[in-house]
Structures are given as C-alpha cells and as structure tokens.
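The structure appears below as structure tokens.
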Amino acid sequence: YIAILYTGSRSGFLGLLAGGFVFFLFSKQKILLLKFVFLPLLILSLLIGTPIDSQLKQLTERFLPSSTPNSQLSTLNSEPTGPALETGGTESGKIRLIVWKGAITAFLHNPIFGTGVETFAFAYYKYRPVEHNLTSEWDYLYNKAHNEYLNYLTTTGIFGLGSYLFMIGTFLFVTLRNHSPRGEAGKSQIIFALLAGYVSILVSNFLGFSVVIINIYLFLIPSFVFVLEGMTREKNYSLPTIRYPLLAILPIILATLYLLFTLYRFWEADKSYARGYNLNRAGQYQYGYFDLGDAVEKRPSEPVFLDELSYNAGVLAVALASQTDEDTSESAKIASYAARLTDETIKVSNKVVSDHPNNITFFKTRIRLLNLLSQDDPKYLSLALDAAKKASVLAPTDAKISYSLGILYGQNGEKQKALEALKKAIELKPDYRDAYFAISLFYHDMATDKNSRVIDAALQQKAIETMQYILDHIASNDAQAQKALDTWVKL
C-alpha cells in the first residue's frame, strides 16, 4: 500500500479501494477489518497522502496561524504536489482524457471489429485529437489507450469488448447467484476475497491497462472460485499402454528442443538489436551496423530491426560518400562501398514500408533516411516528400509531420507549399517553436537576394514579426531567434 501511495498510482489506489469495499461488504469480521486493516491504511494515507487528494501537510497549511513566517510558507508551498513524472509535465489525468477521446473516435470509424488486435499505437495517430499537441507528451508513441475497456473497444470493436464484458459479467453473476455471504465461513471468506481482488482488477483496468500478471489473475481467479464452489467435475483419463514410450515421446522432445532453440535465437537477436540501437543513439553507427546486421540475420522477419538497420546504413553511406573527394583508387573503393550501402538501405526501407504501409513510425524513419541521402543525391528528395505526404495521411494531426513536410517542400524550392505546411504545423501546435523559426527563415529568404539585400520589405517585416513572436510568446531566451533578429534589423 505504501508503494502505491509513493508511486502515485491512481488506478492501483482506486482498484484497492473498490476491492476493499467489496471485501468489507461481504465480510463477517467487519470490526476486525476496521481496526487492523482499514484504520492503519487510513493513518498511512493521512501521513503520506494519496494519489487523489492533498497531503496532510498541505491540508494543515490552511489552518496555520498568521504569525508563521512567509519564508516557511513559501518553502511548504514549493514542494511537489504529485508524482515526479507529472510535476514536470502535463497532468496525467488530462492526457488520459485526450487519449480516450481519440480512442472513441477510432472506434466510431471501426465499430464492429475495431482497427485490429494490438493496433492501437498506429490507429491512434489517425484519430489523435489536436489538443494532444499541447501536452508535454505530444510526440510520444501511445501503444495503449490507458483504459483496458477502451483499448478493446478501439482494437476489437463491439464484438471484442462485448465478448470481454460477457466473460466478466457471467463470472460475477454466477458467483453472486450461487454463493451467499451466509455460507460456509472459511470457504465463503476465501471466495469473497477472490471476488474482491477481481473487482480491484476491473477498476484499476479502467484507468490503466493489464500487464501479464494481472491478465493471468483475471482468468485464474474465476477458475479458483469455480473449483471452490464445486462447479467443476473431475474426470479420470486412462492412457493406452505404449510399447515403446521413448519412441512415442521423441517427437515431443524434438519439438521442444526446436522451440527452445528458436526462443534462444530470439533472445540473442534482441540483445544484438538493443546494442545496435544504443550505439546508434550514441552516434557510433559504424559499430551499431554489425550488431543490427546480426539481429536481422537471426530474425529477418522482424520489421523493427530492419527499420533501425536501414537508417544506420544510410548514415554510414553518407559518411563514406563524403570521403571520396580525391581521385584515387582508395576513394573509388570507398565510393563503391558507399553506393552498395545506399542500395542496401533503400532496399530495406522499401521492404519495411511496403510490408507495413500503415505504420507511421516506419514512415518517419524513411523521411529522415531519404532526407539524409538527398544531401548527396537530390533524387532522394522527391522520395522523401512522397513519404512525408503518406505520413501526413496516416497522422493528420501530427505537427511534426507537417513540419517535416514544410522543410522538405522548402528544400525542393516550393516555398509557398512549405509555408502552407508550416502554418498547418502551428495550427496543430500553436507553441511549436521550430515551425515559427522555419517560417521566419522562409520569409527572410523570399524577401532578400543572394547578397542578403532586402528586395521585399513586407516579407522581411513578416520574417521579423514571426521571429519576435518566438521571443515574446514561446522562449524569451532563445539565442538563435535573438541572433537572427539582431542581424536582420541591420539590413
């Protein structure tokens, strides 16, 4: 219970309250429960504070005498009032409501069978509410609805959620109908303790999602109750006499060994991927390439491994291509290897997005990859634009996609389209600093000639006003914005 309080888990706390209430309701030892369970928990709640109310210290602040020094009051008021993850960002309850709204919208577009089992992460992008862009987690990947029931509703529709609720309702109905609180004392208390635990799962799942152990309990608790209730019947099965038992079980042994070996290779592939992924994030692409290649070799059908390898190979190809300035045999070898790496990364990227055409994460990687390759070969710029357009269809409210599309249009010389895409980005996310900065640069570029002389005063004024907006409304200490303004004012 102390762990629940200190972690600020609302779903766990409310689930415990619900389970405790059910157990108290059916208990024959209410006084003992109050004295030795609920009273100690209440005292802990007052001392530590709960996820849904203020701490005792904050409650008593209202009744502090007026002679309390102001410095002491300010110290008390400055203490965090929520979990660490929440005090530094948008309150988690607000984010949940936004995610739930997107989940319901996705369900309304796919009401019968939903978007597909375990597809929430990618279905949500298409229906994500615009207000999600104004939270601290605006660019996070949400692979769950943070509500088990909405998660089933979104991904499996009425059919899936209906089946899930039917299973739950049947267990509760049968248990309450067949068992009375006035039944056999020991068995009765065990059954209602199990029922209370089951209810706590149902409540906590409303604000979160099931992990493996919780789902195991969800199915084991009904089986325990049915056994205790005597609702199951034992059957004795007699196996036929086998003349050569070792020969009979040999196929099972071989199949088991094969599955264990496959599992071991999966584990080894995951380790290689983890090393390669971390090396990529550390900028050590040349070392990460071999680990990622090993992961792909062991699990060639895993698209996440292929996606990471494609970007890694692209970075290496660009790095090698930059070392081929001299006309020597060594430079020719490097150029040849760079070309092979480029072909490999394009081939892998094409396979990933063709096999998974609705996975927004893979398209984001493809945009970054093709934009990187276009630095050496402009032909990849059009492919990057195509990928960004596809991504904007899959995630119409993702401000980052609109920003990327604007930058790519600008690199392609289509300044008006670039401005339109960037303006859409700030419509989706009004505090998007990078989008305002890019708009300002495009205005400045359109307002000046190659010698940085102003040829369109109106556009230059827009550039200055947009850059000033960053300092006035988003980041007053933005050094880049201030430097640009200082330079432009002198023109």
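The values are calculated or read from the model by the stated rules, or taken from the named source; none is laboratory data. Everything quoted here is computed from the prediction, not taken from an experiment. So basically every Cβ, Gly included, is an ideal-geometry build from the backbone, and we count neighbours across all protein chains shown. When the accessible area is computed, the model is the full protein with side chains, heavy atoms only, and any ligands, DNA or RNA have been set aside. Shrake-Rupley method; radii C 1.70, N 1.55, O 1.52, S 1.80 Å.
Restricting attention to the stretch 1-24, the residues that are modelled with pLDDT under 90 and open to solvent by 80 Å² or more (accessible area, probe 1.4 Å) total 1.
Scanning the stretch 448-481 for residues being surrounded by 12 or more Cβ atoms within 10 Å (Cβ to Cβ), part of a helix (DSSP H, G or I) and either β-branched (Val, Ile, Thr) or over 35 Å from the mean Cα position of the chain (by Cα) (or both) gives a total of 10.
Is there any pair with a first residue in the stretch 35-56 that is within 15 Å of residue 24 (Cα to Cα) and a second that is modelled with pLDDT of 90 or more and of a type in the set (Ser, Thr, Tyr) whose Cβ atoms are under 7 Å apart and which are 6 or more apart or on different chains, and what are they? So the pair list comes out as 41/1. Among the residues of the stretch 149-158, not a single one is crowded, with 19+ Cβ neighbours inside 10 Å, touching a residue at least 60 places away in the same chain (Cβ under 8 Å) and of a type outside the set (Val, Ile, Thr). The residue of the stretch 315-360 that is least open to solvent (accessible area, probe 1.4 Å), among those that are within 28 Å of residue 282 (Cβ to Cβ) and assigned to a loop (DSSP other than H, G, I, E, B), is 359. For the condition surrounded by 22 or more Cβ atoms within 10 Å (Cβ to Cβ) and without any contact (Cβ under 8 Å) to a residue 24 or more places away in the chain, what is the one hit in 428, 385, 422, 408? Just a single option satisfies the conditions, and that option is 422. Here the stretch 283-314 is the region considered, the condition is being among the small types (Gly, Ala, Ser) and under 19 Å from residue 261 (Cβ atoms), and the residue that is surrounded by the most Cβ atoms within 10 Å (Cβ to Cβ) is 295.
For the condition closer than 30 Å to residue 15 by Cβ, part of a helix (DSSP H, G or I) and open to solvent by less than 80 Å² (accessible area, probe 1.4 Å), what is the one hit in 217, 198, 273? It is 198. Only residues that are within 15 Å of residue 146 (Cα to Cα), under 17 Å from the mean Cα position of the chain (by Cα) and surrounded by fewer than 18 Cβ atoms within 10 Å (Cβ to Cβ) were counted across the stretch 104-119, and they come to 1. Can you find a residue that is closer than 12 Å to residue 157 by Cα and either touching a His at 6+ places or on another chain (Cβ under 6 Å) or outside any helix (DSSP H, G or I) (or both) anywhere in the stretch 101-110? Yes.
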